[in-house]
Amino acid sequence: MKNLIIVESPTKVKTIKSFLGKDYEIVASKGHIRDLPKSSFGIKIENGEFKPEYRVARDHSSVVKDIKQKAKQAETIYIATDEDREGEAIGYHIAKAIGKNPEELPRIVFHEITKSAIKNALENPRKLDFSSINAQQTRRLLDRIVGYKLSPLLSSKIQKGLSAGRVQSSTLKIVVDREREIKAFKPEEFWSIDAKFEKTIESLLVSFDGQKIEKMTIKNGNRAKEITSRLKNEKFIVSKIDKKERKSSPSPAFMTSTLQQAASSSLGFSPKKTMMIAQTLYEGVSTPNGTSGVITYMRTDSLNVAKEAIEAAREKILNEFGEKYLPEKPKLYKSKSKGAQEAHEAIRPTLIDFTPAVAKSYLKPDEYKLYALIYNRFIASQMNSAVFESQTIIFKSQSAEFKASGRKLLFDGFYKVYGSSDKDKLLPELKLNQEVELSELKANQHFTEPPSRYSEASLIKKIESLGIGRPSTYAPTISTLVARDYIKIEKKQIIPTENAFKVIELLEKHFPEIVDSSFTSNMEETLDKIAEDKADWQQVLLEFYEPFMKKIEDGKKNIKSQKVVIPTGENCPECGSELVKRKGRFGEFISCSAFPKCKYTKNLGNKVKKELKVIEAKCPECGSDIVERVSRRGKFYGCSSYPKCKFISNHEPINEKCSECGGMMSQRELKTKIVKECLKCKHKIEIKR
């Protein structure tokens, strides 16, 4: 009888199967198999106790049935979901869904999917961690309470389809606050005085008449002109030459936030794309020794690294680069993230000999780029610092001083891995008191600039520093804000929409804790305490729920509607009330002012032929034009007279009749063939390209 190992991802199944023999069957849950219901609140609250009503997701019923059947025949059932709170909770729900006692099933954990890690995990099973499960359950229930109770209030007061969330809304406030700063910003004028000595040495004015010149010291052009006219006639000498050695230390191996930031700035990857590729690298790719996970777990806020991995990196550095690049002692790093759990390792390669040079032949282009970034960062983190010589020369006249700065690389250190792109900026060899020629003097006008908008990378850095959310929530939070039309990303800049301002203004006034980063951060710390068995999860929920619901009830009565309605001057054909123009989630529309008593609505009279692409074929049901439309599921074709005529086709109708029944034919183009199919009898004709 086989042992059953239950993982989350189907990709892991293939990788783990390659490590284990015939005695093990591996099956994937494909993520969450039980959750709160989508159609109802799903939490019973009785006598101050919260009871979640979990359901097996409809699209997972066949998965659960398969796991149940295999579990009946298994000698031992191992829970092998991801090693984090969410993975712990998924493991609990798997046990419940297949009718097993979660307290009895052995739990195995591994932070890398390699043969040694899997075998070590099987030799050292533990039990499910119920404190972590309670912490994750508390997070889920908190998010359901906020989303399910607050979102309808926003929809009723501002616009249908709006939503709020504990992490989502506090992140949105950060974006809105930055946009407010930008809008309120007033540029200020200032001038700089730049000079060239000996024709090539670029220098900046640092003092004049004994006064230090800093940014914005020179406020206007008249003052700048006065200074330059005086200095043109003065003689300059070299008053100071300063050379100092400075070290540039390597950065630690990546954690989730720094990986997303680096991939964004270096590779142009969005956080979502970065995590998708990292997931593949973690779960298993082709290597010279077969399928294997090539990086450690990618959702982590830890900078810890296993001793074995550090030793392997040090041996690689010694053999490949030489002794001078290897520090005397291994370098250890500690996370500065607020609330870092340090539960996992940092993100590092699992196979030190799977170098980027080797990996290039096995990985897809984007996989290779991200893997090389992770590999090189890890190796560099264990190398000696680079050493630079900073150079400073002060040029002095009777009334002013100019400063020139340069830099020279003395030892490349960890840059050896990256290949330093920093070019030396060398200053010429000059002597003290040497007279120098002032070859150019310019007064340059500047204006202060507003703070820049957040990019996805800089927003993640910000929310991480404030302790909002955890590594697994960074990318999904931004994706949710985009999906809800709260933000737009243009040229890598995050721009809040009008809805974002309305929602944040309402929340700031009536639900300040929901958008308060300190409150959200403190709640994350409370969840950490639950995971450490230092707080009662039921009590945490109760302390949040009761005051929150009082505000919801108060808001229903006292928050004024901010919905924009514009009278049209027309009357409703169903009840006679005035028709008004409203703005909905999908744009403007006409509805009855007596809503919700009267539910009459109509489109704004958009001329479909002008706005939508009209194809050659005519509707087989009414003879009107057929237009190309786009839905969430993709492109489709429908009658322009909709909703009077409800003709629809997934494939483009063409002006050909079916040879079998005389019905209208449709056409779709595939890579190797063109398929024509009758919309009526489904008769098919395939034409090879």
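Tabulated data
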{"item": "Qualifying positions in segment 50-85 - of a type in the set (Asp, Glu) and either open to solvent by less than 30 Å² (accessible area, probe 1.4 Å) or under 28 Å from the mean Cα position of the chain (by Cα) (or both)", "result": "ASP59, ASP82, GLU83, ASP84"}
{"item": "Some residue of segment 183-196 being in contact (Cβ under 8 Å) with a residue 40 or more places away in the chain, surrounded by 12 or more Cβ atoms within 10 Å (Cβ to Cβ), closer than 30 Å to PHE395 by Cα and of a type in the set (Phe, Trp, Tyr)", "result": "yes"}
{"item": "Some residue of segment 130-152 being surrounded by 16 or more Cβ atoms within 10 Å (Cβ to Cβ) and part of a loop (DSSP other than H, G, I, E, B)", "result": "no"}
{"item": "Condition met for SER203 (among the small types (Gly, Ala, Ser) and touching a strand residue (DSSP E or B) at 6+ places or on another chain (Cβ under 6 Å))", "result": "yes"}
{"item": "Spans of strands (runs of 3 or more DSSP E) in segment 220-292 with at least 1 residues under 16 Å from THR350 (Cα atoms)", "result": "285-287, 290-292"}
{"item": "Hey, CYS658 surrounded by 13 or more Cβ atoms within 10 Å (Cβ to Cβ) and under 15 Å from LYS680 (Cβ atoms) or not", "result": "yes"}
{"item": "Every pair of residues 6+ apart whose Cβ atoms lie under 6 Å, when the first sits in segment 676-689 and is basic (Lys, Arg) and open to solvent by 100 Å² or more (accessible area, probe 1.4 Å) while the second is modelled with pLDDT of 85 or more and assigned to a strand (DSSP E or B)", "result": "LYS684/GLU677"}
{"item": "Filter result (farther than 16 Å from ASN3 by Cα and open to solvent by less than 60 Å² (accessible area, probe 1.4 Å)) within segment 95-108", "result": "ALA97, PRO102"}
{"item": "Positions within segment 407-449 being over 15 Å from VAL238 (Cα atoms) and free of Cβ contacts under 8 Å to residues at least 24 places away in the same chain, in sequence order", "result": "ARG407, LYS408, LEU409, GLY419, SER421, ASP422, LYS423, ASP424, LYS425"}
{"item": "Long-range neighbours under 9 Å by Cβ, at least six apart or interchain, first residue aromatic (Phe, Trp, Tyr) within segment 231-253, second surrounded by fewer than 15 Cβ atoms within 10 Å (Cβ to Cβ)", "result": "PHE236/GLU435; PHE236/GLU437"}
{"item": "Residues located in segment 605-621, provided they are open to solvent by less than 70 Å² (accessible area, probe 1.4 Å), modelled with pLDDT under 85 and not in a strand (DSSP E or B)", "result": "GLY605, VAL608, LEU612"}
{"item": "Residue among ALA278, ALA346 that alone is touching a residue at least 40 places away in the same chain (Cβ under 8 Å), over 23 Å from SER479 (Cα atoms) and buried (at least 18 other Cβ atoms within 10 Å of the Cβ)", "result": "ALA346"}
{"item": "Residue satisfying condition, being hydroxyl-bearing (Ser, Thr, Tyr), touching a Ser or Thr at 6+ places or on another chain (Cβ under 7 Å) and open to solvent by 60 Å² or more (accessible area, probe 1.4 Å), within set SER249, SER265, SER302, SER292", "result": "SER249"}
{"item": "Qualifying residue in segment 54-74 (condition: touching a Lys or Arg at 6+ places or on another chain (Cβ under 9 Å), without any contact (Cβ under 8 Å) to a residue 24 or more places away in the chain and farther than 30 Å from LEU281 by Cβ)", "result": "yes"}
{"item": "Qualifying residue in segment 567-579 (condition: free of Cβ contacts under 8 Å to residues at least 24 places away in the same chain, under 29 Å from LEU141 (Cα atoms) and either open to solvent by less than 90 Å² (accessible area, probe 1.4 Å) or touching a helix residue (DSSP H, G or I) at 6+ places or on another chain (Cβ under 8 Å) (or both))", "result": "no"}
{"item": "Identity of the residue in segment 433-451, in contact with a strand residue (DSSP E or B) (Cβ under 9 Å, 6 or more places away or on another chain) and not in a strand (DSSP E or B), that ends up least open to solvent (accessible area, probe 1.4 Å)", "result": "THR448"}
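The values are calculated or read from the model by the stated rules, or taken from the named source; none is laboratory data. Computed from a predicted model, the values in this text were never measured in an experiment. Please note: Cβ atoms are built from the backbone with ideal geometry, for glycine as well, and neighbour counts cover all protein chains shown. Calculation scope for accessible area: heavy atoms of the full protein, side chains included, ligands and nucleic acids excluded. Shrake-Rupley method; radii C 1.70, N 1.55, O 1.52, S 1.80 Å.
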